[in-house]
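See below for the structure under consideration.
The values are calculated or read from the model by the stated rules, or taken from the named source; none is laboratory data. Keep in mind that what you see is a predicted model, and the values were worked out from it rather than measured. Cβ: placed from backbone, ideal geometry, glycine included. Neighbour counts: every protein chain shown.
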Amino acid sequence: MKIIGTGRSHPSLVVNNEMLSQILDTSDEWITSRTGIKERRIISSENLHDLAIDAAKKALSDANMDAKDLDYIICANVVNEFVSPAMSCLIQGAIGANCPCFDLNGACVGFIYALEIAESFYRSGKYKNILIVCAEEPSRMVNWHDRTASVLFGDGAAAAVLTEGDNIKATKMSASCSWDRLYQKHELQYSPYNTKPDSNQPLVMHGQDVFMFATRAAIRDINAVMKASGHKPEDVDHFLIHQANLRIINNIKEYVKQPDEKFPLNIHKYGNTSSASVPILLDEVNKEGKLKRGDLIVLSAFGAGFVSGACILEW
Ligand code: COA
């Protein structure tokens, strides 16, 4: 497949580090030096699905495609206010598409998981035009009294439209279960037969374990897609890395020994927006006119599970 359109949508409220230091025992200096984040967008009056719909419409318009021509919609999402139906159904209705759709929970790797699935759907010969939407509100998952996790995340949505092409050169996906290093349990309805305690638990994160996993997994996955596609780091024009922590991105950059210009950043503006992170960055560099036809792009992300994935594609 090939990507022919991108779009993104952000909540209107900007929460900077100074504002967080008024409600948490933290500081701009700590957050900036440990993570690279200066501010993030947080959902206040908006609905996440409205951001998802907005991002989807922008991507369709960028692709010059009518929603009626879509053959599938895949929405990557971890939580939103609906347990059911899937958010992709809300998007499908709002944009006026007729195609089937489903949601996937690939944590922060959702976009790359969705790309690989879209590519497989296309290769099956059954579907041609596929919309991927990633929409996340981690601000509704974290414990706002826990300074370690709450300062890292931001909310947002981004989308990409794909059609037939030979531009996805290689993908590498992985999962290795260490669920207790990064997780959240949500509240379920009362059942008179349930004998277990309530499981409701805001996000729990063991930051240093996640940090180590992320660095190792990203380097391994990037190596794997390079090898599979027969490319070297110097052939790659853009490394779009999940914007979770500037220090993780710097470790990856050091490993592949490529210049800063190949690693666009927006972590200072948005923090970690989970699966929306990579497609938000993709849309930014696209709209800034930084992508030329034929450019080689590596995407890499990692997240709760642990899961990780990378993709090398031609623009
Ligand atoms: N403000 C001020 N101090 C803070 C703080 C905050 N927001 N969060 C933690 N601290 C404190 C800790 O309590 C600790 O204090 P202590 O030494 O008195 O015990 C100190 O800072 C160092 O904490 P530590 O956890 O060792 O920091 P770190 O260098 O490992 O950085 C993370 C913490 C979370 C920034 C880092 O581990 C990280 O980014 N991990 C990956 C997280 C991630 O990307 N998650 C999502 C993956 S998709």
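Of all the listed residues (265, 240, 281), the sole one being assigned by TED's automatic domain parsing to the domain that holds residue 207, assigned to a helix (DSSP H, G or I) and in contact with a Leu (Cβ under 9 Å, 6 or more places away or on another chain) is 281. Restricting 23, 73, 31, 37 to those that are under 26 Å from residue 107 (Cα atoms), within 16 Å of the ligand (Cβ to nearest atom) and not in a helix (DSSP H, G or I) reduces the list to 37.
On the basis of being closer than 29 Å to residue 201 by Cβ, part of a helix (DSSP H, G or I) and assigned by TED's automatic domain parsing to the domain that holds residue 143, does residue 60 make the cut? Taking the combined requirement at face value, the residue does not satisfy it.
I'd like the full set of residues that are within 16 Å of the ligand (Cβ to nearest atom) and without any contact (Cβ under 8 Å) to a residue 40 or more places away in the chain, limited to region 105-140. Of everything in region 105-140, just one residue is within 16 Å of the ligand (Cβ to nearest atom) and without any contact (Cβ under 8 Å) to a residue 40 or more places away in the chain, namely 105.
Quick check on this structure: which one of 214, 158, 218 is over 24 Å from residue 295 (Cβ atoms), buried (at least 21 other Cβ atoms within 10 Å of the Cβ) and hydrophobic (A, V, I, L, M, F, W, C)? Walk me through how you get there before you give the answer.
Working: 158 fails: over 24 Å from residue 295 (Cβ atoms); 218 fails: over 24 Å from residue 295 (Cβ atoms).
One residue alone meets the criteria, 214.
Residue 155 satisfies every condition listed in (1) within 12 Å of the ligand (Cβ to nearest atom); (2) in contact with a Lys or Arg (Cβ under 7 Å, 6 or more places away or on another chain); (3) not assigned by TED's automatic domain parsing to the domain that holds residue 280 except (1).
Residues checked against (1) in a strand (DSSP E or B); (2) in the same structural domain as residue 13 (by TED's automatic domain parsing); (3) in contact (Cβ under 8 Å) with a residue 40 or more places away in the chain; (4) crowded, with 16+ Cβ neighbours inside 10 Å:
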| position | (1), (2), (3), (4) |
| --- | --- |
| 258 | no, no, no, yes |
| 277 | no, no, yes, yes |
| 297 | yes, no, yes, yes |
| 300 | yes, no, yes, yes |
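Tell me, which residue of region 197-235 that is part of a helix (DSSP H, G or I) and of a type in the set (Gly, Ala, Ser) is farthest from residue 173 (Cα to Cα)? This residue is 207. As a summary of the residue check, residue 143 satisfies the conditions (1) within 14 Å of the ligand (Cβ to nearest atom); (2) surrounded by 19 or more Cβ atoms within 10 Å (Cβ to Cβ); (3) over 18 Å from residue 14 (Cα atoms) except for the one numbered (2).
Within the set 272, 286, 223, the sole residue that is surrounded by 17 or more Cβ atoms within 10 Å (Cβ to Cβ) and away from the ligand (no atom under 16 Å from the Cβ) turns out to be 286. Residues that are among the β-branched types (Val, Ile, Thr) and crowded, with 24+ Cβ neighbours inside 10 Å within region 161-177 comprise just one, 161. Among the conditions (1) at positive phi; (2) surrounded by fewer than 18 Cβ atoms within 10 Å (Cβ to Cβ), the only one that residue 107 does not satisfy is (2).
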